[in-house]
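In what follows, a single structure is set out as C-alpha cells and then discussed.
The values are calculated or read from the model by the stated rules, or taken from the named source; none is laboratory data. The structure presented is a predicted model; accordingly, all values stated were derived computationally and were not measured. Reconstructed Cβ throughout: ideal geometry from the backbone, glycine too, with neighbour counts over all protein chains shown. Keep in mind that these areas ignore ligands, DNA and RNA; they rest on the heavy atoms of the full protein, side chains included. Shrake-Rupley method; radii C 1.70, N 1.55, O 1.52, S 1.80 Å.
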Amino acid sequence: MHVKPVDVVRKLGQAWNKHDLDTVYGLLHEDYREHVNGKLVKQGRDATRAADRAIYDAVPDYRRRALGDHAS
C-alpha cells in the first residue's frame, strides 16, 4: 500500500496537536533533526520528544500549524 507524504504530514500534525507523542515519534526517524530559521535546534528522537513533552507540560493548549496548500 502506497502512503502519500501529505498523509504522513497530516497524521503528524494531528498527533502533535493531540499531544500524542507515541504516534509522533513512531513516525519520525531515530536521528530526527529539527531546524528553525536554518539553525539546528533539536536532534535525536529521544531529546526532541523530551523537549516536546516539556512544551506540552508548560503550555497545555499548545498547537502546531502547517502553512500552505498541503495543510487544508
Task: helices (runs of 4 or more DSSP H) lying entirely in the chain (those with 1 or more residues that are among the acidic types (D, E), open to solvent by 100 Å² or more (accessible area, probe 1.4 Å) and on the phi < 0 side of the Ramachandran plot) - done: 21-27, 45-58
Task: Any chance V3 is at pLDDT below 90 and out of contact with any Cys (no Cβ under 7 Å at 6 or more places or on another chain) - done: yes
